[in-house]
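The values are calculated or read from the model by the stated rules, or taken from the named source; none is laboratory data. None of the values given here were measured: they were computed from a predicted structure. Every residue, glycine among them, receives a Cβ derived from its backbone with ideal geometry; neighbour counts consider all protein chains shown.
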């Protein structure tokens, strides 16, 4: 199931709550530093063809090295690949592979291994595989050169090779099926099976043969999945963990008051009313652009940011985040709060008395947000009928097209990634596979352009999507990551949680 691109808080819908085990995770002696983190999701399969992105990357980063690495501005830099070059037309990418690297099973990490990994990962159906869908073929030349041929330019391919899509597992383990039980990579750490209990604690010990150990100063990394906000806060304050995402803004002042450091950053998460059925298949009213625009005018975004997120966010009408080239600050003034305008548009669309829509009940993880949505839509005549489903079925039913719209927080990355996640006809979160020929044309223009021309194309696409009211976003949500005083962390754009290599012991 593709689910990891949902924003941090939404993952609580599908991840089980784990109890913290005891033990002191942190600093010890100078030679035995341990970092203990609490991901808000349980791990997905170790086989990278089944790997998701977002919060799941914390499990893969200790054991799998990646072709490139992303710096603190999310720009690709050398890693396993020491250099790269595009041929004319940006449909052929050649990577030079660092020599002398080995997987922990002793097999060589060379060009053939890179080819085997890329060909294997792209056969999957999860997000990591989706980031390689433009790759048509992979050719290995000698031991240190790999060439990727693309079906069309992919503006996000290089940075994605610095994420899970570019991670590398042992081809021997891929072929034997060993990845069903444990990871076999070439990363800075190895999974310690004896100190790992599936579902509650995952322990990684240093890989002594790793080529760049200075980039990972901790001798041991422990991951304890937790998603209950109170349990996370208690584990941080008691020292059972060193770092975790705070999924509710209410816990930020409590964490700081308890002596924790809280780093806030724009992760790219966009929250609001997501109109999944914009073609009107389940709810005909939503197929009319004036109805979708009415929903946007019904929302008081400024008050929502204050009441729902305690001010930890910024009002917005667009689902491209502010760090990318598609963002246009002027679009955030497109739909001022105007209930009278909303009612007038509903009347023009043929719904003078409004209409009723069934909405997935997400009051468990998002009580304030859902209540605010229901209240503000009701004021203009849109009656929300909440439908409750078992918590382990919420995302499944949403992706199956059972609901026309809902409150939701969804991650927004680089502009091209966001189109592939939400906008393209086959995108995971274009749930009803809605297609607009003008959107398709604008996406094609952006895909094949470069530089300033590409930036303009993305802005034109964004403007059209806002004008057509594909969704009704209301806030770019600010993320907050809490750490104990023994740990320092640097956030990174386009990531819900900081990558492992951005953690270090405090001075």
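Does at least one position in segment 367-374 carry a residue that is out of contact with any helix residue (DSSP H, G or I) (no Cβ under 9 Å at 6 or more places or on another chain) and crowded, with 21+ Cβ neighbours inside 10 Å? Yes: one or more hits. Evaluate the following for residue 277: is it surrounded by fewer than 17 Cβ atoms within 10 Å (Cβ to Cβ) and either at pLDDT 95 or above or under 30 Å from residue 77 (Cα atoms) (or both)? Answer is no for this residue.
Would you check if there is a residue in segment 397-408 being touching a strand residue (DSSP E or B) at 6+ places or on another chain (Cβ under 9 Å) and part of a helix (DSSP H, G or I)? Taking every residue of segment 397-408 in turn, at least one turns out to be touching a strand residue (DSSP E or B) at 6+ places or on another chain (Cβ under 9 Å) and part of a helix (DSSP H, G or I).
Screening residue 333 on (1) modelled with pLDDT of 95 or more; (2) in contact with a helix residue (DSSP H, G or I) (Cβ under 9 Å, 6 or more places away or on another chain) shows it passes everything except condition (2). For segment 480-490, the set of residues classified as outside any strand (DSSP E or B) and surrounded by fewer than 19 Cβ atoms within 10 Å (Cβ to Cβ) consists of 485, 486, 490, listed by residue number. Could you run through segment 457-467 and say how many residues are free of Cβ contacts under 8 Å to residues at least 60 places away in the same chain and either outside any helix (DSSP H, G or I) or surrounded by fewer than 19 Cβ atoms within 10 Å (Cβ to Cβ) (or both)? Within segment 457-467, residues that are free of Cβ contacts under 8 Å to residues at least 60 places away in the same chain and either outside any helix (DSSP H, G or I) or surrounded by fewer than 19 Cβ atoms within 10 Å (Cβ to Cβ) (or both) number 2. Take the conditions (1) surrounded by 19 or more Cβ atoms within 10 Å (Cβ to Cβ); (2) in a loop (DSSP other than H, G, I, E, B); residue 337 misses just one of them, which is (1).
Residue by residue, here is whether (1) surrounded by 22 or more Cβ atoms within 10 Å (Cβ to Cβ); (2) touching a helix residue (DSSP H, G or I) at 6+ places or on another chain (Cβ under 7 Å) holds:
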position: 419; (1), (2): yes, yes
position: 432; (1), (2): no, no
position: 443; (1), (2): no, yes
position: 455; (1), (2): no, no
position: 469; (1), (2): yes, yes
position: 473; (1), (2): yes, no
position: 493; (1), (2): no, no
position: 507; (1), (2): no, no
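When residue 285 is tested against (1) modelled with pLDDT of 95 or more; (2) closer than 30 Å to residue 499 by Cα; (3) touching a strand residue (DSSP E or B) at 6+ places or on another chain (Cβ under 6 Å), only condition (2) is not met. Regarding residue 292, is this residue outside the structural domain of residue 375 (by TED's automatic domain parsing) and either surrounded by fewer than 23 Cβ atoms within 10 Å (Cβ to Cβ) or under 19 Å from residue 359 (Cβ atoms) (or both)? Judged against the criteria, residue 292 is not a match.
As a summary of the residue check, residue 344 satisfies the conditions (1) surrounded by fewer than 19 Cβ atoms within 10 Å (Cβ to Cβ); (2) within 16 Å of residue 307 (Cβ to Cβ) except for the one numbered (2). In the set 423, 477, only one residue is farther than 27 Å from residue 227 by Cβ and crowded, with 19+ Cβ neighbours inside 10 Å; that residue is 423. The residues listed here are 410, 399, 386; of these, the one that is surrounded by fewer than 18 Cβ atoms within 10 Å (Cβ to Cβ) and within 24 Å of the chain's Cα centre (by Cα) is 399. Quick check, is residue 446 at positive phi and either out of contact with any strand residue (DSSP E or B) (no Cβ under 7 Å at 6 or more places or on another chain) or assigned to a loop (DSSP other than H, G, I, E, B) (or both)? Here the answer is no, as residue 446 does not meet what is asked.
Just so you know, in segment 196-227 the residues that are in contact (Cβ under 8 Å) with a residue 24 or more places away in the chain, within 20 Å of residue 44 (Cα to Cα) and in contact with a strand residue (DSSP E or B) (Cβ under 6 Å, 6 or more places away or on another chain) include one that is surrounded by the most Cβ atoms within 10 Å (Cβ to Cβ), and it is 226. Looking at segment 491-507 only, could you name the residues that are part of a loop (DSSP other than H, G, I, E, B) and either in contact with a strand residue (DSSP E or B) (Cβ under 6 Å, 6 or more places away or on another chain) or at pLDDT 95 or above (or both)? 491, 494, 496, 497, 498, 499, 506, listed by residue number. For segment 252-267, the set of residues classified as loosely packed, with under 15 Cβ neighbours inside 10 Å and either part of a helix (DSSP H, G or I) or free of Cβ contacts under 8 Å to residues at least 12 places away in the same chain (or both) consists of 253, 256, 257, listed by residue number.
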